[in-house]
1. For segment 220-266, what is the convex hull volume of the alpha-carbon atoms per residue, in Å³?
2. Tell me, in nm to one decimal, what length is gained between L194 and D88 on full extension, where the rule is 0.36 nm per residue of separation less the Cα-Cα distance?
3. GNM, the chain, Cα, under 10 Å: largest mean-square fluctuation among F87, F128, F11?
4. Using alpha-carbon pairs under 8 Å, 6+ residues apart, how would you state the relative contact order of the chain in percent?
5. Would you work out the charge dipole size for the chain about its Cα centre, treating the Cβ of every Lys and Arg as +1 and the Cβ of every Asp and Glu as -1, and quote it to the nearest 20 debye?
6. Within the chain, which cysteines find no other Cys whose Cβ is under 4.7 angstrom from their own?
7. Please report, largest first and rounded to whole Å, the three semi-axes of the ellipsoid equivalent to segment 124-242, where each semi-axis is the square root of five times an eigenvalue of the C-alpha gyration tensor.
8. Just tell me the longest site-free run in the chain, where the sites are trypsin sites (Lys or Arg not before Pro) in a DSSP loop having at most 13 other beta-carbon atoms within 10 Å.
Amino acid sequence: MAGLNISIAFFFSIVILCEATRKISKRIFPLKMYFCLAGELTSSFQMCACFLELKMLREIGPWSGGFGPDVSLTLLFLLFLVHGACFDGTSANPCVSVQEFLTLESSLWVTLAKLLSQFMGMEAACVFTKQYWSRELTDFHTIQNLIAQDCTSSLSASVSHGIFVEALCSFLFHLVTLRFQASFPMHRVPIVALTVTALTYTAGPFTGAIFNPALASAVTFACSGNNLLEYMQVYWLAPITGMLVAVFVYQGNIPRLFRTNLLYSQKTKYKIPKMKGNPAMSGDIRQGQAKTERTISHSEPPRRTE
């Protein structure tokens, strides 16, 4: 139990450190540079560091700490609640950044800057977390250091099965985020956190349910079990494909590629009633016209006859 408490303290420390970095960066950098570079880098660092520690608990905890997957799933839900409250408009997910580009919410250069910051933040978090593990503050970290040289891949299914699972997870995740993107954060953040937790519970045993290319690159690409091409198909191509399908299903088009709505009609569903189809209304209009003519005729001055 002491090891779990230290891991929770690690989560708190990472969140506080990243939140302080956001506050300072927002004062130093221009707003656009903050969101493209500093904000995305900090959020990516926070997500990856917390994910690595949680992954370690999920793998080692059941047989070394005596707690089951319910603990790791609860921590995952709480972490995504914190991420949603702290990220300040950043995503730490390349698929979300590409989605914003395809829906005309950001330019090409802004998207490239975000992608670079996300991959850099994830790699920095990997280096930082491994240095933290090397201090062996808990038995979990000692075991993690022993097995770190031969890490196992998160992909425990066939490549085709993994592609399907990651694409489906990405599709559902992006469909939920698109549906609730205009909602209040008080409603949107718990729904997104619950969606991620449910997807991890369902698809975690097959691929880890990462559906984040930058996070997958930092966490599982260096592990044995599959080659680079297979990892790219499962953890890069599949999530991007799922995101594209989600945007198309939600909007009926992909604005950056084509504007024509192929799924939903643009016609209004309300019809204006025609006047000739309503006899009573037509009769009232005719009576009104007759009264107007009589009023005008009485108001005209009499003509003089000579």
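Taken together, the values in this text are just the output of simple stated rules run on the coordinates, not laboratory data. As the structure is a prediction and not an experimental result, all values here were calculated from the model. Note that we place each Cβ from the backbone using ideal geometry, even for glycine, and neighbour counts take in every protein chain shown.
1. Hull volume normalised by residue count: 79 Å³.
2. 36.2 nm
3. F128
4. Contact order relative to length: 20 percent.
5. So the dipole magnitude of the chain works out to roughly 1900 debye.
6. Lacking a cysteine Cβ partner under 4.7 Å: C18, C36, C48, C50, C86, C95, C126, C169.
7. Working through the eigenvalues yields semi-axes of 27, 20, 12 Å.
8. With a cap of 13 other Cβ atoms within 10 Å, the longest stretch comes to 1-134.
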